[in-house]
Amino acid sequence: MRRLTAALAAAITLVGLTASAAQAAPGGPRNPISASFADTFADPVIVRGDDGYYYGYGTSDPLREGEKVAHRIPMARSTDLKNWKYVGDAFGDLPPYAASNASLWAPDVRKIGNRWVLYATVTETTTAPGASAIGVATAPKPTGPWTWAPQPAVPPRAAPGGGWWWTFDPSQLTTPDGKKYLYYGSYFGGIWVSELTADGLRITGTPARVAVDNKFEGAYVVRRNGYYYLFASSANCCAGPTTGYSVSVGRSRSPLGPFTDRDGLRLDASRAGGTPVIAPNGNRWVGTGHNGLITDQRGQDWFVYHAIDRNDPYLDEPYGINERPMLIDRLDWAGGWPTVNGGAWASDPRDARPAPTPKPGRLLSAFSDEFSGAQPGWSWVRQDPAATVSGGALRWPVQGADLTGTGNDAGVLLRTAPKGKWVAETKLTLPLGEDVVRNYQQAGLIAYAGDDLFARLSAVAIWNTRQVEFGKEMPFADALSYGGTIAGTPGLTTTWLRLAHRVDPVNGEHEYRAGVSRDGRHWTWGGVWTLPADSNPRIGLVAHGGAEPAVTATFDYLRFYQW
């Protein structure tokens with residue numbers, strides 16, 4: 001965080017992005033829906049009260065530019081999911097076990113019995129530095145008054161080897177038999193589920209891990225047609241204009257898992273799966289993640305989440321609080337799998353032109369290389385003599401070097417790309433093993449406009465996980481901003497990678513969409529990064545991130561296809 005017929009899987013995986021699909025349902029909300037009362041309203045969740053109103057809750061931040069003081073779980077109310085009004089903060093105080101510097105993040109609100117129950121991350125407790133917990137409070141109404149329970153629903157959890165697992169991002173679920181569960185956790189420790197006591201105030205029994213550490217956080221679980229769907233966010237929530245946050249999903253017949261994606265890949269494995277639900281799509285919204293779900297009175301499902309306007313990414317000063325307003329879009333289901341806006345993802349009334357689905361066509365032989373003879377047309381940035389060509393492949397020992405930040409000591413092997421729309425593809429073999437830590441060895445494709453301006457698609461070891469990350473670095477506010485979005489799951493040793501390019505017809509930006517395959521036939525298309533209209537990116541290969549333990553990246557070809 002599933003298997004379908006090939007045609008249906010392709011229809012969903014390739015997500016036909018069209019201008020009409022990018023809009024919310026007719027008469028639906030216009031993003032960001034929190035604009036009337038807040039500049040930022042992160043980690044949102046919405047519930048429907050007994051009075052017919054919708055109530056929204058967000059992470060503790062200042063609501064407006066220049067305000068500087070955080071609201072402890074701000075609350076808002078709406079009659080129609082479109083028009084929202086701020087109605088106060090849930091708390092003036094912290095729970096008794098919170099440290100004085102604690103913040104309250106990622107609320108989840110449910111009705112249990114005849115009262116409302118609010119769960120929230122308490123970022124620091126009196127147990128020890130860095131020991132977080134899930135706090136719980138109750139109220140007679142969705143707007144309170146809220147009263148903290150004297151003990152946390154989930155207490156701090158010591159991590160094997162030292163420190164404290166991140167006990168973040170609660171999400172409550174009640175099953176048809178009346179049992180209550182709480183999902184919680186984040187990158188350090190993974191996502192867990194525990195049964196709750198009947199009143200919902202504390203966990204009980206033995207917890208089960210349902211998603212691997214170092215890939216997922218922000219769990220939200222719903223039951224639909226006999227399956228439990230675990231939505232979870234990946235990558236960085238808060239990297240300003242390069243925030244790659246995105247949401248993927250797995251499902252299970254049991255609330256305890258195991259959760260698997262559309263391709264049958266488990267979410268609790270080193271090469272964890274996850275079927276894309278939303279990712280940055282090329283318009284102004286990046287960092288599209290940490291979702292909740294709400295069903296309106298007509299039965300339409302809506303996907304509530306936060307995102308970052310890449311043109312206005314911070315609340316006040318650069319590299320301060322990330323400005324993450326609340327967005328909402330239609331959630332569609334096809335063949336048992338959810339996707340936002342029919343696969344168009346985040347809607348934006350300013351811009352209805354998300355990057356379309358790539359459809360590779362004729363091979364562009366003049367730009368391609370099979371590594372079977374002489375290799376004209378290549379050029380190096382920092383040539384690596386260890387890279388060799390023989391037997392129809394480029395073999396490149398992964399360098400102990402990198403491109404992110406100011407070091408810029410990694411080699412980059414480049415070719416001039418075609419004009420217009422095209423798809424670049426490579427077949428990469430990179431034996432990174434399973435589970436063990438090999439930070440951050442990687443290899444793959446790059447759209448390179450300079451050492452500090454690029455989009456890199458690579459199979460990579462991130463602690464104990466193996467992921468395909470699509471990262472971007474760019475200059476911003478007299479510094480460098482880097483972030484990544486998770487594009488897919490790598491193969492056991494061999495992964496096929498694609499970068500699909502087009503020039504935005506309105507603003508002239510170079511748009512690159514990431515594609516990933518484990519067999520070279522079935523493709524998952526992930527998020528989009530853009531490079532400036534006045535840049536001249538070339539396309540190439542990279543193999544870097546760490547020389548120990550030694551591993552060699554093998555590229556079978558670099559092919560360009562007409563699109």
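Side notes on the structure shown:
- For the criterion of being out of contact with any Phe, Trp or Tyr (no Cβ under 7 Å at 6 or more places or on another chain), open to solvent by 20 Å² or more (accessible area, probe 1.4 Å) and among the charged types (D, E, K, R), Arg362 fails.
- Taking region 56-74 as the range and being more than 12 Å from Tyr86 (Cβ to Cβ), in contact with a strand residue (DSSP E or B) (Cβ under 6 Å, 6 or more places away or on another chain) and not β-branched (Val, Ile, Thr) as the test, the residues that pass are Ser60, Arg72.
- In region 170-191, the qualifying residues are those that are in a strand (DSSP E or B) and more than 18 Å from Asp43 (Cβ to Cβ), and the one that is most open to solvent (accessible area, probe 1.4 Å) is Thr174.
- Verdict on Gly28 being at pLDDT 95 or above and crowded, with 17+ Cβ neighbours inside 10 Å: no
- Pairs where the first residue, in region 466-483, is farther than 25 Å from Arg266 by Cβ and surrounded by fewer than 16 Cβ atoms within 10 Å (Cβ to Cβ) and the second is among the hydroxyl-bearing types (Ser, Thr, Tyr) and at pLDDT 95 or above, C-beta under 8 Å, 6+ apart: Pro475/Ser481; Ala477/Tyr319; Ala479/Tyr319
- Residues in region 146-165 that are hydrophobic (A, V, I, L, M, F, W, C), touching a Phe, Trp or Tyr at 6+ places or on another chain (Cβ under 7 Å), part of a loop (DSSP other than H, G, I, E, B) and farther than 9 Å from Tyr184 by Cβ: Trp146, Ala159, Trp165.
- Scanning region 72-98 for residues that are part of a loop (DSSP other than H, G, I, E, B), open to solvent by less than 20 Å² (accessible area, probe 1.4 Å) and over 20 Å from Val304 (Cα atoms) yields a total of 2.
- Residue list for region 427-447, restricted to those being of a type outside the set (A, V, I, L, M, F, W, C) and in contact with a Gly (Cβ under 6 Å, 6 or more places away or on another chain): Tyr440, Gln441, Gln442
- Summed over region 377-425, the residues that are closer than 29 Å to Trp563 by Cβ and either β-branched (Val, Ile, Thr) or in a loop (DSSP other than H, G, I, E, B) (or both) give a count of 17.
- Candidates are the residues of region 509-554 that are of a type in the set (Asp, Glu) and open to solvent by 10 Å² or more (accessible area, probe 1.4 Å); the one that is nearest to Val277 (Cα to Cα) is Asp519.
- Strands (runs of 3 or more DSSP E) contained in region 227-312 and holding at least 3 residues small (Gly, Ala, Ser), modelled with pLDDT of 95 or more and buried (at least 24 other Cβ atoms within 10 Å of the Cβ): 227-234, 246-252, 285-295
The values are calculated or read from the model by the stated rules, or taken from the named source; none is laboratory data. These figures come from a predicted structure and were not determined experimentally. All Cβ positions, even for glycine, are placed from backbone atoms using ideal geometry, and neighbour counts span all protein chains on display. Accessible surface is based on the protein model in full, side chains and every heavy atom, while ligands, DNA and RNA are left aside. Shrake-Rupley method; radii C 1.70, N 1.55, O 1.52, S 1.80 Å.
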